[in-house]
1. Full extension from residue 228 to residue 49: what is 0.36 nm times the residue separation minus their Cα-Cα distance, to one decimal in nm?
2. For the modelled label position 7 Å from the Cα of residue 332 along Cα-to-Cβ, which residues of the range 371-387 have backbone nitrogen atoms closer than 16 Å?
3. Once you sort the root eigenvalues of the Cα gyration tensor of the range 7-253 as a ≥ b ≥ c, which label holds: rounded (a/c under 1.5), prolate (a/b larger than b/c) or oblate (the other case)?
4. Can you bin the range 1-117 into rounded, prolate or oblate? Criterion: square roots of the alpha carbon gyration tensor eigenvalues sorted a ≥ b ≥ c, rounded for a/c under 1.5, prolate for a/b above b/c, oblate for the rest.
5. Which angle between 0 and 90 degrees, to the nearest 10, do you get for helix 256-275 versus the longest principal axis of the chain when only C-alpha atoms count?
6. Which peptide among 25-37, 174-186 comes first, and what is the full order, when sorted by highest mean count of other Cβ atoms within 10 Å?
7. Order of 7, 273 from fewest to most other C-beta atoms within 10 Å?
8. Where does each of 319-329, 299-309 land if you order them by average Cβ count within 10 Å, highest first?
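Read-outs: derived from the displayed coordinates by stated rules, not from any lab. Note that this is a predicted model, so its numbers are computed, not measured. Here the Cβ positions follow ideal geometry from the backbone for every residue, glycine too, while neighbour counts run over all protein chains shown.
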Ligand SMILES: *Cc1c(COP(=O)(O)O)cnc(C)c1O
């Protein structure tokens, strides 16, 4: 890896070596296992003494290329690629935590991660306390002798709230906690949590990294000694990313920077349009000066990202009418796609939470999330405008 190269260059030029065919674009390595010259080479590969692939559950040239690129982009020492974002999230917990351990997290968090905290980890007596991101003083009080990890998203899904990563990095270090940041919304192009003190960064590659709604994927990168444990767990338990998905995602990374520039430009314009519309109760977008944490946003992010959330006047019933009038944008649960996506989290992605839990998280019935795509921004705004007009 040439560390002097800029982000965009690393994303494109961080390729694995070519084969006898001297192909320009990395080929797809559809093979479950790999061969050796002799017994000694095979022994050394299994012992981890030489850097050779063994079996695609452990590693594969395509997943290696994908992980290398993400490591370069996040400035991480090592990583492992998973079949999905949730496989990355769960395997990270399962690798590093033991019965009795305690996690600190923020309330506003991806729906399935919430389910892992509330329903799955308690089976192994691993507990989670949710802390208020805006009340940093309260964090100190909930750290116990068993607290081992802090897990946050910033910006959060779907509330678009932020965490001050510099503060959090210092807090984690002071309390000797492993800091894990789900960097899915920002992508490494807009924010690199390791620079602020994160030990590990997780991505659902399904979102902006793929960027075209085609494949699932996840990745955890960060400090080598932690990744070694994650690798040891994953090599035996099998949550690995498929070579095909890694091949797709590696190509996707080549265009991440240019795609994110456009996602961010379009999202800012959509947010500004919504803010100026009298049918809207409130708008949250990190790079709008009205965002309560705008100062943090401009310090740790280079642009506001592709997701805007807003509250529509008229609450749940109006929100449903609005969704029913949308013509071009897609009604689907995904985000980070080239196509603009409109969702209503309280009836879909976060429907598994109780009404009370949703209130605590800030997922109010009027909240609508837009993942702003790469269509021409005039067409995106026109679709939102006509749906607002027709849903009154
Ligand atoms: C989608 C998402 C995940 C889970 O990723 P999958 O690839 O769907 O398993 C985790 N965190 C965040 C913030 C997400 O948006």
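1. Result: 63.0 nm gained on full extension.
2. 371-375
3. Verdict is prolate for the range 7-253.
4. oblate
5. Its long axis makes an angle of about 20 degrees.
6. Packing proxy ranking, top to bottom: 174-186, 25-37.
7. Lowest count first: 7, 273.
8. In decreasing order of mean packing, 319-329, 299-309 become 299-309, 319-329.
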